[in-house]
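The values are calculated or read from the model by the stated rules, or taken from the named source; none is laboratory data. Just so it is clear, the model here is predicted, and its values are computed rather than measured. Here the Cβ positions follow ideal geometry from the backbone for every residue, glycine too, while neighbour counts run over all protein chains shown.
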Amino acid sequence: MNYRKLSEEEILQLQNQACLADDWEKVTVADAFTTKFVHHTRFSGEVRLGVFQSEFALAGGIKKHSGLRHVTLHNVTVGNNCCIENIQNYIANYEIGHDTFIENVDIILTDGLSTFGNGVEAAVLNETGGREVLINDKLSAHQAYIMALYRHRPELIRRMKAITDYYSNKHASRVGSIGNHVTILNTGSVKDMRIGDYCCICGANRLTNGSLNSNREAPVYIGHGVICDDFIVSSGSHIDDGAMLTRCFVGQACRLGHNYSASDSLFFSNCQGENGEACAIFAGPFTVTHHKSTLLIAGMFSFMNAGSGSNQSNHMYKLGPIHQGTLERGAKTTSDSYILWPARVGAFSLVMGRHVTHSDTSNLPFSYLIEQNNTTYLVPGVNLRSVGTIRDAQKWPKRDGRTDSHKLDFINYNLLSPYTVQKMFKGREILQNLRKASGELSDIYSYHSTKIRNSSLVKGIRFYETAIHKFLGNSVIKRLEGITFGSDEEIRARLRPDTRIGVGEWVDISGLIAPKSEIDHLLCDIESGKVDRLKHINAEFERLHLNYYTYEWTWVYDHIEEFYGFSPESITAEQLCAIVEKWKEAVVGLDRLLYEDAKKEFSLSSMTGFGADGSRQEKEQDFEQVRGDFESNPFVTAVLKHIEVKTALGNELIGRIRQI
């Protein structure tokens, strides 16, 4: 935009409208500027003004013309068609975009050189330090995971800190920014802030040293009573109702409110926090806590739902708060659960009661941890038959609220993956070895500070084998989908992987499931300086995410012989049919278990509280009006349809193969 100096007539008119300037020579304006809508304004330092030609339509039918009224500006650039009025103190050292509305604010100030939250250290997992993550605008859950947990590679951490410092220094400035189409209303102090386009701040108490990375696709909302210090909020997030954040990163499409408080914590895509408290947590995608009495502390979570009164302790009253814990993806806690860190809970497990024995169940996923008489009992694999587990897996993709086309986190929603199935292989082996070592007739088995009952151990082996059959069979069927084969050799050729990437161990890097070998390769490139920018690191994570199914098949192919006892290099049509038959049996078997689990929700005992003043018949009728009947329940019909579709899919493949 071209700016010109004010004419003498314009200066006189502004003075007549109660405007003052330390030096009118330092006030420049756009070519089409008119003085009509500038009243009771004081100018200090270098000030640039755009035009004031449009109106703002406010709630209730009120219209306000753009302009300046009752405001002091010091070293400020104001874009076209902004309305700024009733600033109690002043606005200093800011660039303000076009079509922005600012009203009833105490102070907007940038004081000295600021990085706007970039480079702030959040002391996650260990309050005493040692696992600090440097927050930044481009921070992904996967970057943060490596920076927090890979401290055994000091050169890697040094390089990642240097990369973040480079980014922070590159974006440091003595001038803050407020973007286009921003609204700031009835707000207290706004200091050292960078505020993106289409952001809405309404009633916030204090915002200091931060970035609100709002944009047109995914606006950020900051609401009443919010206090944020040393922070970054990513696109599409909503923070309201007295939430308080200190040294925190908030990822895309998160919602924090109802007096939620957090310090030294990271919240990644689609997290929700209400009423409770977080301290030094690493909240991976879809970490949810809604209840007043819930405290999450020094833990790593993802796809997690915390029940009311859930609590953890990160010290044992000796050397202070130095302990940490992990609930792997999909783990849940019931009401009034408690875990004494250090501990590690396997993926998709359910924690009930108080647990103080520092158990590690990471190789026994889909389990229940139940406390009885101060003892932790482990029920392996039982969550595979739970309706709740399947419902969770179905709801996460539907609840992805990210509207920004540029995603920071690359999220894999799969319930069964090489990551969870490799643990089932280990879990099956662990249970078989326990049975062999302690005898098949033992009533109780001991494993990592937990107890496993005989019946639970036997069922656990069966649950894991069924799930492995399902996963491997799914992959085989998908690989052979829609192809007609003329010989066993054609089948073998199709089964051969497209790459060797995927062999070996897989890891869950806070939502991203990938081969460990590829993560190690990326880390080596960072250490060597080959990868030296945040955007390049994120690009590598995206590549791994996009190639997931290619790498998954390599892993499956590598495990066919281990599980089925014959090599895929010499597989026959008959052996392939046996795999598909086992798959059908596993899929239908698990679906039948889910069907029976869902049926419990419609039992007579579940109707307690219905039909308040009537007979059993009225109770059943009241229940049906509220909850519906079992056979027409959407989940139940989906399970029955799934059985039908998968059976037909297996039969179709068997029919194609048997023509050889």
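Here is how the numbers come out for the structure above:
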{"read-out": "Meets criteria (over 26 Å from Leu590 (Cβ atoms) and of a type in the set (A, V, I, L, M, F, W, C)) for Ile339", "value": "yes"}
{"read-out": "Subset of the stretch 421-439 (residues that are of a type in the set (Gly, Ala, Ser) and either in contact (Cβ under 8 Å) with a residue 24 or more places away in the chain or assigned to a helix (DSSP H, G or I) (or both))", "value": "Gly427, Ala437, Ser438"}
{"read-out": "When residues of the stretch 218-265 are limited to those that are in a strand (DSSP E or B) and among the polar types (S, T, N, Q), the one surrounded by the most Cβ atoms within 10 Å (Cβ to Cβ)", "value": "Ser265"}
{"read-out": "The stretch 422-445, residues that are buried (at least 20 other Cβ atoms within 10 Å of the Cβ) and small (Gly, Ala, Ser)", "value": "Gly427"}
{"read-out": "Unmet criterion (only one of (1) at pLDDT 95 or above; (2) within 14 Å of the chain's Cα centre (by Cα)) for Asn305", "value": "(1)"}
{"read-out": "Of all residues in the stretch 630-660 being over 15 Å from Gly589 (Cα atoms) and acidic (Asp, Glu), the one that is modelled with the lowest pLDDT", "value": "Glu631"}
{"read-out": "Neighbours by Cβ (under 6 Å, 6+ apart or cross-chain): first from the stretch 395-416, farther than 17 Å from Ala218 by Cα; second surrounded by fewer than 19 Cβ atoms within 10 Å (Cβ to Cβ) and aliphatic (A, V, I, L, M)", "value": "Leu415/Ala393"}
{"read-out": "Residue in the stretch 533-542 that is in a helix (DSSP H, G or I) and either touching a Leu at 6+ places or on another chain (Cβ under 7 Å) or under 20 Å from Arg494 (Cβ atoms) (or both) present", "value": "yes"}
{"read-out": "In the stretch 449-460, residue surrounded by the fewest Cβ atoms within 10 Å (Cβ to Cβ) [restricted to those that are touching a helix residue (DSSP H, G or I) at 6+ places or on another chain (Cβ under 9 Å) and in contact (Cβ under 8 Å) with a residue 40 or more places away in the chain]", "value": "Lys459"}
{"read-out": "Verdict on Val345 being hydrophobic (A, V, I, L, M, F, W, C), farther than 27 Å from Ser237 by Cα, buried (at least 22 other Cβ atoms within 10 Å of the Cβ) and under 19 Å from the mean Cα position of the chain (by Cα)", "value": "yes"}
{"read-out": "Condition broken by Asn383, with the remaining ones in (1) touching a residue at least 40 places away in the same chain (Cβ under 8 Å); (2) buried (at least 23 other Cβ atoms within 10 Å of the Cβ) satisfied", "value": "(1)"}
{"read-out": "Residue identified as within 34 Å of the chain's Cα centre (by Cα), more than 30 Å from Glu518 (Cα to Cα) and either of a type in the set (Lys, Arg) or part of a helix (DSSP H, G or I) (or both) among Lys470, Lys459", "value": "Lys459"}
{"read-out": "From the options Asp336, Asp409, residue that is surrounded by 17 or more Cβ atoms within 10 Å (Cβ to Cβ), charged (D, E, K, R) and assigned to a loop (DSSP other than H, G, I, E, B)", "value": "Asp409"}
{"read-out": "Pair list, Cβ < 7 Å and 6+ apart or interchain, from the stretch 355-375 residues that are buried (at least 24 other Cβ atoms within 10 Å of the Cβ) to residues that are aromatic (Phe, Trp, Tyr) and part of a loop (DSSP other than H, G, I, E, B)", "value": "Pro365/Phe348; Phe366/Phe348"}
{"read-out": "Residues of the stretch 40-66 that turn out to be within 16 Å of Gly97 (Cβ to Cβ) and either among the hydrophobic types (A, V, I, L, M, F, W, C) or free of Cβ contacts under 8 Å to residues at least 40 places away in the same chain (or both), as a count", "value": "7"}
{"read-out": "Test: Gly273 is under 30 Å from Leu384 (Cβ atoms), of a type in the set (Gly, Ala, Ser) and under 13 Å from the mean Cα position of the chain (by Cα)", "value": "yes"}
{"read-out": "Filter result for Ser140 (closer than 25 Å to Cys248 by Cβ, touching a residue at least 40 places away in the same chain (Cβ under 8 Å), surrounded by fewer than 22 Cβ atoms within 10 Å (Cβ to Cβ) and not acidic (Asp, Glu))", "value": "no"}
{"read-out": "Pick from the stretch 124-134, criterion out of contact with any Cys (no Cβ under 8 Å at 6 or more places or on another chain) and part of a loop (DSSP other than H, G, I, E, B), ranking: surrounded by the fewest Cβ atoms within 10 Å (Cβ to Cβ)", "value": "Gly129"}
{"read-out": "Failed condition for Phe286, given (1) under 16 Å from the mean Cα position of the chain (by Cα); (2) at negative phi", "value": "(2)"}
{"read-out": "Among residues of the stretch 38-79, those that are assigned to a loop (DSSP other than H, G, I, E, B), within 22 Å of Glu95 (Cβ to Cβ) and β-branched (Val, Ile, Thr), counted", "value": "1"}
{"read-out": "Answer residue from the stretch 223-254, given it is at negative phi and in contact (Cβ under 8 Å) with a residue 60 or more places away in the chain and is farthest from the chain's Cα centre (by Cα) among those", "value": "Phe231"}
{"read-out": "Positions within the stretch 534-545 being under 24 Å from Leu415 (Cα atoms) and without any contact (Cβ under 8 Å) to a residue 60 or more places away in the chain, in sequence order", "value": "Glu540, Arg543"}
{"read-out": "Thr389 vs. criteria modelled with pLDDT under 95, part of a helix (DSSP H, G or I) and hydroxyl-bearing (Ser, Thr, Tyr)", "value": "yes"}
{"read-out": "For Tyr166: the one exception among (1) part of a loop (DSSP other than H, G, I, E, B); (2) surrounded by fewer than 19 Cβ atoms within 10 Å (Cβ to Cβ)", "value": "(1)"}
{"read-out": "Total residues in the stretch 473-505, condition outside any helix (DSSP H, G or I) and in contact with a Ser or Thr (Cβ under 7 Å, 6 or more places away or on another chain)", "value": "8"}
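Table: residues versus (1) surrounded by fewer than 17 Cβ atoms within 10 Å (Cβ to Cβ); (2) under 36 Å from the mean Cα position of the chain (by Cα); (3) modelled with pLDDT of 60 or more.
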{"site": "Phe566", "(1), (2), (3)": "yes, no, yes"}
{"site": "Ile571", "(1), (2), (3)": "no, no, yes"}
{"site": "Trp583", "(1), (2), (3)": "no, yes, yes"}
{"site": "Ala586", "(1), (2), (3)": "no, yes, yes"}
{"site": "Arg592", "(1), (2), (3)": "yes, yes, yes"}
{"site": "Asp597", "(1), (2), (3)": "yes, yes, yes"}
{"site": "Ser605", "(1), (2), (3)": "yes, no, no"}
{"site": "Phe610", "(1), (2), (3)": "no, no, no"}
{"site": "Gln621", "(1), (2), (3)": "yes, no, no"}
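For (1) β-branched (Val, Ile, Thr); (2) in contact (Cβ under 8 Å) with a residue 24 or more places away in the chain; (3) part of a strand (DSSP E or B), each residue gets a yes or a no:
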{"site": "Glu103", "(1), (2), (3)": "no, yes, yes"}
{"site": "Ile108", "(1), (2), (3)": "yes, yes, yes"}
{"site": "Asp111", "(1), (2), (3)": "no, yes, no"}
{"site": "Phe116", "(1), (2), (3)": "no, yes, no"}
{"site": "Ala122", "(1), (2), (3)": "no, yes, yes"}
{"site": "Asn136", "(1), (2), (3)": "no, yes, no"}
